[in-house]
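Each value in this text was obtained by applying a stated rule to the coordinates, not by laboratory testing. Remember, it's a predicted structure, so these values are computed and weren't measured experimentally. Reconstructed Cβ throughout: ideal geometry from the backbone, glycine too, with neighbour counts over all protein chains shown.
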Amino acid sequence: MNIRVHVIITGKVQGVCFRITTKQEAEKHGVTGWVRNRIDGSVEAVFEGEKERVNSVLEWCRNGPSMARVNKVATRSEDHKNEFHNFQVLP
């Protein structure tokens, strides 16, 4: 079953390679979507793919890269749209 999850990650998540390593993790699991920094210092992402694969990326987000300190991963399920062909880091 394919799912789509919109995520906001808070903590020390900017300036620690969070976006690029999220991209690498998503690609490793075959998950599509995007990730970007937000003005408030959090990181926002949308993940689409097979439920187990998306859940693997979400689990990784709870810790992030080694220099990150994740306080919270807020998730919201959305309708799967199959609109992405790859995973992108947005500005």
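Restricting the search to the range 45-88, which residues are among the hydrophobic types (A, V, I, L, M, F, W, C), surrounded by 14 or more Cβ atoms within 10 Å (Cβ to Cβ) and in contact (Cβ under 8 Å) with a residue 60 or more places away in the chain?
Val70, Val73, Phe87
Here is a yes/no grid of residues against (1) polar (S, T, N, Q); (2) within 10 Å of the chain's Cα centre (by Cα); (3) at positive phi:
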| position | (1), (2), (3) |
| --- | --- |
| Leu58 | no, yes, no |
| Asn63 | yes, no, no |
| Ala68 | no, no, no |
| Asn71 | yes, no, no |
| Ala74 | no, no, no |
| Asp79 | no, no, no |
| His85 | no, no, no |
| Pro91 | no, no, no |
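Can you tell me which residue in the range 25-36 is nearest to Gly15 (Cα to Cα), limited to those that are in a strand (DSSP E or B) and in contact with an Asp or Glu (Cβ under 8 Å, 6 or more places away or on another chain)?
Arg36
Considering only the range 44-68, state which residues are among the aromatic types (Phe, Trp, Tyr) and assigned to a helix (DSSP H, G or I).
Trp60
Scan Ser66, Ser56 and give me the residue that is under 19 Å from Phe87 (Cα atoms) and of a type outside the set (A, V, I, L, M, F, W, C).
Ser56
Does any residue of the range 41-51 turn out to be of a type in the set (Lys, Arg), out of contact with any helix residue (DSSP H, G or I) (no Cβ under 9 Å at 6 or more places or on another chain) and more than 16 Å from Arg76 (Cα to Cα)?
For the range 41-51, residues of a type in the set (Lys, Arg), out of contact with any helix residue (DSSP H, G or I) (no Cβ under 9 Å at 6 or more places or on another chain) and more than 16 Å from Arg76 (Cα to Cα): absent.
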